[in-house]
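Data block below; observations after.
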Amino acid sequence: MSKYVFITGATAGFGKACAELFAKNGWNLIITGRRKDRLTELKIKIIEATNADVIALAFDVRHQSEVAQSINQLPNSISSNIEILINNAGLAVGKGPIDEGELDDWERMIDTNVKGLLYVSKEIIPFLKANQKGHIINIGSIAGKQVYPGGNVYCASKHAVDALSQAMRIDLVSHKIKVTNIAPGAAETEFSLVRFKGNQSTADSVYNGYSPLIAFDIAETAFFVATRPSHVNINDIVIMPTAQASPTVLHKDS
Ligand code: NDP
Ligand code: 8X3
């Protein structure tokens, strides 16, 4: 199979699980992230386990010229075969009242979650348009559906992802490009360790007392939406752990 799925943030969590699941099911991959060593490790692991062709591109989605240069270096034989873009790279940094927020945290979230998603999409959409088919899967969040205490800028960035998913669907429908927004609730990845700036015990406490989602759950969801018949598009999926009813209502074991 010559089809490629382009995945941002494949060095950890959801993106890595998506890479493994799509490759196992016959897809070729373009995996991206900043940590080159992790990309290389994942590439070797997938090549050993499957027949997938795996291209690793290390770049920071916040830097538009890096994004454009990396993607433009792909040979036409590969870029013209990109069928799916999974816009997954993202992060929360910090959690607390808005007036105590740090400028650098705000900029990291907005630059990564919103501008980074736009920079990558701008480069990939022309390949999908040229083929008059394709699928963009944006990883939003329940934080993009509801705002919760201390979530302010992260929630705003994920509301922007939700809006951009709707906008892409409207603007690209005439090119037969599907757009899906996946909005997960609490999932145990490196997300909380990043959010709490390396504080392992605070990060662990987010997942104590219940079974959170795992990265594979989101990979399965992405794979499901990507494998519907050509006339079917799943617009939006909210997926939470069974123990979670809303961003703030979690049923924990006492
Ligand atoms: P992880 O921290 O495990 O993975 C995040 C990925 O994003 C990494 O591969 C990281 O790669 C990449 N990334 C971060 N910043 C950049 C950047 N500037 N340039 C390129 N890549 C970057 O978290 P998750 O897998 O949980 O998160 C994936 C997505 O899911 C995010 O958008 C997150 O907001 C969203 N999400 C997460 C939820 C959760 O509870 N875990 C729930 C809902 C949504 P590297 O550091 O190598 O660059
Ligand atoms: C991650 C889920 O609830 O921490 O997007 O915002 S939450």
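Annotation: per residue accessible area for the chain equals 47 Å², rounded to a whole number [probe 1.4 Å, protein chains only]. Rounded to the nearest 20 debye, the dipole size of the chain about its Cα centre is 700 debye, using +1 on the Cβ of Lys and Arg and -1 on the Cβ of Asp and Glu.
Helix by helix, which DSSP H runs in the chain go 24 Å or more along their axis at the Cα atoms and have an average Kyte-Doolittle hydropathy of 0.0 or more?
152-172
Rolling a 1.4 angstrom probe over segment 4-250 with all protein chains present gives an accessible area of which 53% lies on carbon and sulfur atoms. Taking each DSSP H run with n ≥ 4 as -39500 (n - 2.57) and averaging over every residue of the chain yields -12500 deg cm²/dmol at 222 nm.
About its Cα centre, segment 1-130 has a charge dipole of approximately 500 debye under the convention of +1 per Lys or Arg Cβ and -1 per Asp or Glu Cβ, with nothing else charged.
Evaluated with a Cβ-only charge set (Lys, Arg +1; Asp, Glu -1), segment 108-225 carries a dipole of roughly 480 debye about its Cα centre, given to the nearest 20.
With the charge dipole of the chain set up from +1 on Lys and Arg Cβ and -1 on Asp and Glu Cβ about the Cα centre, the Cα lying farthest toward the positive end among the listed residues Leu57, Leu172, Pro247 is that of Leu172. Annotation: peptides 17-27, 91-101, 188-198, ranked by per-residue average of other Cβ atoms within 10 Å with the highest first, follow the order 17-27, 188-198, 91-101. Computed on protein heavy atoms with a 1.4 Å probe, the accessible areas place Asp60, Asp236 in the order Asp236, Asp60, largest first.
Full extension of the segment from Ile214 to Val232, taken as 0.36 nm per residue of separation minus the current Cα-Cα distance, would add 3.8 nm. Segment 14-86 and segment 189-254 have Cα centres spaced 23 Å apart. Any idea how far apart Glu48 and His175 come out in nm if each label point goes 7 Å out from Cα toward Cβ? Taking the two extended label points, one gets 3.9 nm.
The values are calculated or read from the model by the stated rules, or taken from the named source; none is laboratory data. Everything quoted here is computed from the prediction, not taken from an experiment. Reconstructed Cβ throughout: ideal geometry from the backbone, glycine too, with neighbour counts over all protein chains shown. Ligands, DNA and RNA are stripped out before the accessible areas are found, and what is left, the full protein with its side chains, is counted by its heavy atoms. Shrake-Rupley method; radii C 1.70, N 1.55, O 1.52, S 1.80 Å.
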